[in-house]
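Peer 1: Please see the structure below; I have some questions.
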Amino acid sequence: MKRTILALCGCVSLCPVRLAAENITYPADAGVVNITQAPYNVVPDGKTDVTAAIQRAINDNTGKRTLIYFPNGTYLISATLTIPLTDAQGHTQYGFTNLQGQSRDGVILRLRDHTFTDPARPQPVLTSGRHGSADWFNNAESHFTVDTGRGNAGAIGLQFFSNNEGCLRDVTIRSQDGAGVCGLDLAYNDMNGPLLVKNVAVRGFDFGIRTGHTVNSQTLEHVQVQGQGVAGFLNDGQCIAVRDLVSVNAVPAVVNRGKLLALIDSTLTGTGMASALPAVSNAGGLFARDIDTSGYKRAIDTTDGGQAGVTGPRVAEFVSQPVVSLFPSPPRSLGLPVRETPDVPWDDPKTWDGPTRHGAKHDDPDISAALQAAIDSGATTVYIPAGDWRIGHTVHIRGNVRRLIGLDPYLIPVDPVNSLDAPLFQFDGGRQKTVVMEGLDFGFGNKRVYAFQDNSPQTVVLKDLLGWEYRNRPNAGPLFLEDVVGGPFHFDRQTVWARQLNQESEGTHVSNAGGQLWILGYKTERGGTLIDTEGGGQTELLGGLCYTTTAGKLAPMFVNADSSVSATMGEVCYDGDPYATILRETRGGVTQTLPASDPGYAGQRLVLYAGCRKK
């Protein structure tokens, strides 16, 4: 029985369901670069070659925290569009590039036919470039279609790379004749991730989506692959978390040769020659749950961990290595209920309000009063334009606001709030059921101030942002985290769903005191307990990477004190100081531990730990 709670029900389709027609537009004073306007004057008529003009816009704005906006239209491309590693003066850039379309179906990057013809020398239509380290931060691409046309057997639709925070969202990648090397290539460069891929569909190519190398993990949700020539999804080394993969293929839907793959809530349909093949071909660590297959010879074939595969057609739960438990527990994951990240309507920009409309300027010593005035104006959407902004007092989220959106701003804490044990933003509750905060980057240099205090009964969504510390009033409303870097996070009797969560501060990274915490894709750095669950809390971790860069002996990786925890996660350590204790579980005053030398942690991975207290 599927454990998910879906916002919408309907038939399986390779076209994502939309709540309303997409029309992503912004106020004129938002600091957005519209490539169809001067100085770029791109003509999206599908006839004019606009490669050079788009590349100029990308070159001018990479690394400047500026949103590059593509209005609806067809953009004819004849060469690879590249996000550059340096600016015109040769200075190294560090990412911070956001390509935003007006709508997924309305913005089409169309490769000219018979342009990338050689599969031995594959070329991408759009690439994030080849950064030599994991310092290519906070990149985002969303709401457009990449169409590789016909006669482009050497085409790669899109190469995406981002570190810490980054998302590819609401994108279609298609080949009109099915030819091409790969639709979405996440394996082209080492150290990719952590990042989020959500609502992405790939049609055609040899590989639909591929991941590779060892670090830094990727999270995928609501992805569709169809009509591939070799495999729908290939993982060739990473720790990957995937939820809701829909595949229609005559080849294996999934090939896993990676360190660890968590695959849940997926539908894998075989056609034609698939009747002689497995839906999932596994040679690495694999946790699979709630997988429906049809048209394949077997659901799962595996050569890893000595476990038998699954005939199918349904996979209730499969673990490629024996389940690890320190006390008697059901040998399975918790299966906590899953809720989709909620969204709110995209309001007409004419109704938006923001601090600049209340007198704020970039050189102001403190814009908190102007930002508070915008929030209290009654507008449902409040925006912060691009640029650097200083905030010296706690800003209260309340009233009628349902979306606080940053258009790639950089928020700098200043005194007096910077020196206080106080939040930069506090959720106080309001008239809306849900409030979304997204697109913010909190600057460094914070002293005692922390990012978020949640005192609201509302549902709060934190999305596509960097913030330091989160605290909540006990029994605050539900919290959703999506593509968030920061922390530590302190959850006190709260219900939390997180997707692509990255926490890199030394010490206890996440604490769950008596709440319910569900995580799809969790990447960490530095030593300290990654999740401490106490007070009868429930924690379910589905996939991720512990990249141990310091102080591996500081504390156990996971602490379970009279609570219920299931966890799937891998570890990579290059500095010779990995975690020594992986698990510490206490029940009724008795404590057991799992050392890193235990066979249950073979390959530096927990394919599944299950520690469930009796109720």
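The values are calculated or read from the model by the stated rules, or taken from the named source; none is laboratory data. Just so it is clear, the model here is predicted, and its values are computed rather than measured. Cβ: placed from backbone, ideal geometry, glycine included. Neighbour counts: every protein chain shown.
Peer 1: Between ASP353, ASP347, ASP363, which is more than 29 Å from GLN516 (Cα to Cα), modelled with pLDDT under 95 and not β-branched (Val, Ile, Thr)? Don't jump to the end; show me each part of the working.
Peer 2: Working: ASP353 fails: modelled with pLDDT under 95; ASP347 fails: modelled with pLDDT under 95.
None of the other options fit; the residue is ASP363.
Peer 1: Among the residues in segment 105-113, are any in contact with an Asp or Glu (Cβ under 6 Å, 6 or more places away or on another chain), in the same structural domain as GLY149 (by TED's automatic domain parsing) and either surrounded by 19 or more Cβ atoms within 10 Å (Cβ to Cβ) or not hydroxyl-bearing (Ser, Thr, Tyr) (or both)?
Peer 2: yes
Peer 1: Return yes when ALA316 is out of contact with any strand residue (DSSP E or B) (no Cβ under 6 Å at 6 or more places or on another chain), free of Cβ contacts under 8 Å to residues at least 40 places away in the same chain and over 30 Å from ASP464 (Cα atoms) and no when it is not.
Peer 2: yes
Peer 1: Tell me yes or no: at least one residue of segment 557-567 is in contact (Cβ under 8 Å) with a residue 40 or more places away in the chain, more than 26 Å from the chain's Cα centre (by Cα) and farther than 22 Å from VAL319 by Cβ.
Peer 2: yes
Peer 1: Taking the options SER128, SER133, name whichever one is out of contact with any strand residue (DSSP E or B) (no Cβ under 8 Å at 6 or more places or on another chain), among the hydroxyl-bearing types (Ser, Thr, Tyr) and under 29 Å from VAL484 (Cβ atoms). Steps first, please.
Peer 2: Values: SER128 fails: out of contact with any strand residue (DSSP E or B) (no Cβ under 8 Å at 6 or more places or on another chain).
None of the others qualify; the one that does is SER133.
Peer 1: May I ask you to list the residues in segment 74-88 that are under 23 Å from GLY31 (Cα atoms) and of a type in the set (S, T, N, Q)?
Peer 2: Listed by number, the residues that qualify are THR82, THR86.
Peer 1: Of the conditions (1) part of a loop (DSSP other than H, G, I, E, B); (2) buried (at least 20 other Cβ atoms within 10 Å of the Cβ); (3) of a type in the set (A, V, I, L, M), ALA551 satisfies every one except a single condition; which number is it?
Peer 2: (2)
Peer 1: Let me ask you something else. Which residues, taken from segment 471-507, are under 18 Å from PRO342 (Cβ atoms), out of contact with any Ser or Thr (no Cβ under 8 Å at 6 or more places or on another chain) and assigned to a strand (DSSP E or B)?
Peer 2: Hits for segment 471-507 are ASN472, LEU481, ASP483, VAL484, THR495, VAL496, ALA498, LEU501.
Peer 1: Look at segment 415-433 and say how many of its residues are of a type outside the set (Asp, Glu) and more than 19 Å from ALA374 (Cβ to Cβ).
Peer 2: Number of matching residues: 6.
Peer 1: Identify, by number, the condition in (1) at pLDDT 95 or above; (2) under 25 Å from ILE582 (Cα atoms) that VAL223 doesn't meet.
Peer 2: Unmet for VAL223, out of (1) at pLDDT 95 or above; (2) under 25 Å from ILE582 (Cα atoms): (2).
Peer 1: For segment 141-150, which positions are part of a strand (DSSP E or B) and touching a Gly at 6+ places or on another chain (Cβ under 6 Å)?
Peer 2: Filtering segment 141-150 for residues part of a strand (DSSP E or B) gives 141-147.
Scanning segment 141-150 gives HIS143, PHE144, VAL146.
Peer 1: Let me ask something additional. Give ALA567, ALA580, ALA596 a once-over and let me know the one that is modelled with pLDDT of 95 or more, in contact with a Lys or Arg (Cβ under 7 Å, 6 or more places away or on another chain), within 30 Å of ARG257 (Cβ to Cβ) and not assigned by TED's automatic domain parsing to the domain that holds THR219.
Peer 2: Within the list ALA567, ALA580, ALA596, the selection yields ALA580.
Peer 1: Next up: Of all residues in segment 393-425, count the ones that are charged (D, E, K, R), under 22 Å from GLY487 (Cβ atoms) and surrounded by fewer than 18 Cβ atoms within 10 Å (Cβ to Cβ).
Peer 2: Going through segment 393-425 one residue at a time, the tally reaches 1.
Peer 1: Looking at ASP441, ASP428, can you tell me which residue is buried (at least 17 other Cβ atoms within 10 Å of the Cβ) and either more than 19 Å from ASP29 (Cα to Cα) or touching a residue at least 60 places away in the same chain (Cβ under 8 Å) (or both)?
Peer 2: The conditions single out ASP441.
Peer 1: Give the residues of segment 151-163 that are in contact with a Leu (Cβ under 7 Å, 6 or more places away or on another chain) and either at pLDDT below 95 or assigned to a loop (DSSP other than H, G, I, E, B) (or both), sorted by residue number.
Peer 2: Across segment 151-163, the qualifying residues are ASN152, PHE160, SER162.
Peer 1: Turning to a different aspect of this structure: Do any residues in segment 192-206 that are crowded, with 24+ Cβ neighbours inside 10 Å have Cβ atoms under 7 Å from those of residues that are in a loop (DSSP other than H, G, I, E, B) and polar (S, T, N, Q), where the two are at least six apart or on different chains, and which pairs are they?
Peer 2: ASN192/ASN216; GLY193/ASN216; GLY193/SER217; PRO194/ASN216; PRO194/SER217; LEU195/SER162; PHE205/SER175; PHE205/GLN228
Peer 1: Scanning for something outside any strand (DSSP E or B), in contact (Cβ under 8 Å) with a residue 40 or more places away in the chain and farther than 22 Å from ASN164 by Cβ, does segment 579-595 turn up at least one residue?
Peer 2: Within segment 579-595, none of the residues are outside any strand (DSSP E or B), in contact (Cβ under 8 Å) with a residue 40 or more places away in the chain and farther than 22 Å from ASN164 by Cβ.
Peer 1: Additional query: So ASN23 fits all but one of (1) more than 17 Å from GLU141 (Cα to Cα); (2) modelled with pLDDT of 95 or more; (3) out of contact with any strand residue (DSSP E or B) (no Cβ under 8 Å at 6 or more places or on another chain); what number is the exception?
Peer 2: (1)
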